[in-house]
Amino acid sequence: MEKIIFLKYGELSTKKDNRNFFIKTLNDTIKKRLNNIEITYDFGRMFIKPTDNNYDAVIDELQHIFGIHEIVVAYKSNQREIDDINNNILELLQDKKFNTFKVEVKRSDKKYPVNSMDLRKMFGSFILKNISNLKVDVNNPDIIINIEIRANEVLIYFDSIKGLGGYPVSSLGKGILMLSGGIDSPVAGYLAIKRGVKLEALYFESPPHTSEAALDKVKALAQKLAIYNNDIKLHIINFTEIQEAIYKNLPHEYLITIMRRMMYRISAIIASRVNAKVIVNGESIGQVASQTLTSMSAINEVIKMPVIRPVACFDKLEIIDIAKKIDTYDTSILPYEDCCTIFVPDHPIINPDKNKCEEYEKLINYEDMIYKAVKAHQVINITVKQDNEFQNYL
């Protein structure tokens with residue numbers, strides 16, 4: 001028998017005419033992430049064989065790739081006769097300790113002469129006759145013996161590892177993530193990647209009001225997202241001139257609203273330049289003044305590009321739970337201020353008037369400042385392989 005890893009597609013298998021595109025995209029993603037493998041696939045399964053036999057390392061990497069429903073370590077044999085299958089089952093059970101068991105059979109090859117129900121009975125009876133002191137328990141067994149009969153082979157396996165699900169990265173196009181140093185935006189990015197959106201990130205810095213440590217914090221968060229995104233480009237916009245102009249010339253209760261309108265305009269420009277179809281951010285309804293429905297409407301009106309807010313209907317504790325799961329939480333809570341937390345007025349308006357927003361914006365030459373900021377912006381390429389390089393600065 002040959003030890004292999006195979007993947008179950010889950011949601012990808014529902015795509016009918018587009019299924020091959022999604023599976024091929026998953027295949028390409030895995031090949032990009034793993035060099036030490038042999039890989040084949042069909043509509044039902046994807047098979048992976050580590051060339052260096054390092055199954056643990058391969059499985060660990062697969063657990064960070066979207067589009068995989070289940071990861072299974074299995075044993076493959078070309079012997080499909082009942083007696084051969086029985087003998088292989090016994091061989092695999094020798095080193096396992098259990099008192100109760102259940103047999104599951106999937107007959108992918110419908111031409112196989114015995115149906116699944118009869119096969120379950122046959123394999124179960126053989127195990128009971130050849131291993132003493134065992135009982136069948138269909139509800140809560142110590143071990144489940146899975147046998148899958150395919151056209152040219154038989155797979156036997158016992159355990160599976162839950163994958164991340166979702167769609168393979170880039171299968172649904174590209175988006176720009178407005179990445180701050182907070183808790184919410186990295187979680188929003190993770191959830192967008194899960195739905196097949198390849199992300200580039202956009203960070204607004206405001207030196208000297210924001211520090212180099214704040215930028216390094218965002219780089220570290222981007223690197224965490226690169227684990228799921230394959231890699232990530234981080235666009236850095238110097239927002240100082242725009243932010244100071246807003247602070248010096250506009251009513252303070254409108255500072256956050258106007259600032260966000262400027263950020264949206266810049267995000268849409270960067271998105272169009274990199275052929276991104278959507279903007280993604282971490283706004284959550286009602287969490288802060290700029291995230292009331294009225295505020296969102298007043299801010300959103302300055303662009304035509306769709307804005308996706310994956311955590312819009314999550315409460316803060318739900319967002320924190322995901323942040324801890326994807327290992328961004330501890331970085332996000334480091335005490336380095338970003339553009340969204342400096343110059344915050346004591347009483348920001350929660351129901352801004354759109355006409356007043358337009359009137360106040362005429363007090364500053366924002367179009368020229370936006371042009372300068374976009375023209376001078378920097379781009380950093382962050383890859384999965386950089387590990388914790390940016391953590392060294394935090």
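A few comments on the model shown:
- Residue match in the range 48-69 (condition: exposed (fewer than 14 other Cβ atoms within 10 Å of the Cβ), more than 30 Å from Asp327 (Cα to Cα) and of a type in the set (D, E, K, R)): no
- Yes/no for Phe22 being crowded, with 16+ Cβ neighbours inside 10 Å and either touching a Lys or Arg at 6+ places or on another chain (Cβ under 8 Å) or over 19 Å from Tyr228 (Cβ atoms) (or both): yes
- Inter-residue pairs, beta-carbon under 7 Å, first free of Cβ contacts under 8 Å to residues at least 24 places away in the same chain and in the range 286-304, second crowded, with 17+ Cβ neighbours inside 10 Å and of a type in the set (Val, Ile, Thr), 6+ apart: Gly286/Thr292
- In the range 70-90, the residues that are touching a strand residue (DSSP E or B) at 6+ places or on another chain (Cβ under 9 Å) and either more than 30 Å from Leu199 (Cβ to Cβ) or at pLDDT below 95 (or both): Val73, Ala74, Tyr75, Lys76, Ser77, Asn78, Gln79, Arg80, Asp84, Ile85, Asn88, Ile89
- Within the range 104-115, one or more residues are touching a Leu at 6+ places or on another chain (Cβ under 8 Å) and outside any loop (DSSP other than H, G, I, E, B).
- Enumeration of residues in the range 154-163 that are surrounded by fewer than 18 Cβ atoms within 10 Å (Cβ to Cβ) and modelled with pLDDT of 95 or more: Phe158, Ile161, Lys162
- Residue pairs meeting the criteria (Cβ under 9 Å; at least 6 apart or on separate chains; first surrounded by fewer than 16 Cβ atoms within 10 Å (Cβ to Cβ), in the range 243-264; second of a type in the set (S, T, N, Q)): Glu244/Ser206
- If you go through the range 103-139 and pick out every residue that is within 21 Å of Gly44 (Cβ to Cβ) and of a type in the set (Ser, Thr, Tyr), you end up with 3.
- Taken as a whole, the range 164-180 holds at least one residue that is more than 30 Å from Asp216 (Cα to Cα) and either in a strand (DSSP E or B) or assigned by TED's automatic domain parsing to the domain that holds Tyr55 (or both).
- As a summary of the residue check, Asn87 satisfies the conditions (1) under 28 Å from Val384 (Cα atoms); (2) without any contact (Cβ under 8 Å) to a residue 12 or more places away in the chain; (3) polar (S, T, N, Q) except for the one numbered (1).
- Of all residues making up the range 191-228, the number that are over 21 Å from Cys340 (Cα atoms), among the small types (Gly, Ala, Ser) and assigned to a helix (DSSP H, G or I): 2
The values are calculated or read from the model by the stated rules, or taken from the named source; none is laboratory data. As the structure is a computational prediction, the values presented were derived from the model and not from experiment. Positions of Cβ are backbone-derived with ideal geometry, glycine not excepted, and every protein chain shown enters the neighbour counts.
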